[in-house]
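The structure appears below as structure tokens.
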């Protein structure tokens, strides 16, 4: 009886969380973990909460893993990630890319170093406070048109803020996809950050009470978006 209760409790926790196993391109959702790196314990749907650990890069164990395939996409094209169930927590979406260095491919590189640049982020609206990603299953961004061609890692994160009033209370739901970007240009993405390193637990967009008082502004963590 106790075992059944524990199983039900774990299932309830997992159902309240989510992960991002599938890329979306040309309005088609790919198979789970075909192009996204499958992280250790993905069945739990659990979040990362410590921004000082390597897990904040691509999720638990995913920096050292590779997906079966690398997706070819054109610079300037729309791309997205699909969650395995609707996003059930309030928070913000952020998107990063990192160009794979010479001697590596998107499938062999771990994403280490100050190499990540932000390409997109969403923001809440106020009076009343609303979060655009809540209850959605598909989120989209655009590959910057001037990004140089080559292999990249594409990192998506949803930062859930319902428990962010205490240190390490914010929940990060993260996936990294493998891309080969064609076309593009001679853009120089800046600023570049590392994961871990880009965030501090005390950043105002990470350590925040969204209930009392209800915020009238929000500062996204991390660097400014590179406009391309």
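Throughout, read-outs are computed from the coordinates displayed, never taken from laboratory work. These numbers come from a predicted model, not from an experiment. Heads up, the Cβs are rebuilt from the backbone with ideal geometry, glycines too, and the neighbour counts pull from every protein chain shown.
General observations
- Length added when fully stretched, residue 104-residue 216, from 0.36 nm per residue minus Cα-Cα: 35.9 nm
- Each label point was placed 7 Å from the Cα along the Cα-to-Cβ direction; for residue 182 and residue 163 their separation is 4.4 nm.
- Cβ crowding within 10 Å ranks 176, 58 as 58, 176, fewest other Cβ atoms first.
- Pairwise Cα separations in segment 18-182 fall into 10 Å bins from 0 onward with the following percentages, short to long: 11, 42, 36, 10, 1, 0.
- Computed label-point distance, nm, for sites residue 85 and residue 224 using a 7 Å Cα→Cβ extension: 4.0
- Where only DSSP H runs of four or more residues are counted, the chain gives -2500 deg cm²/dmol as its mean residue ellipticity at 222 nm, each run worth -39500 (n - 2.57).
- For 122, 27, 55, the sequence from fewest to most other C-beta atoms within 10 Å is 27, 122, 55.
- Segment 154-176 and segment 87-146 have Cα centres lying 12 Å from one another.
- Separation of the residue 28 and residue 130 label points, Cα + 7 Å toward Cβ, nm: 3.4
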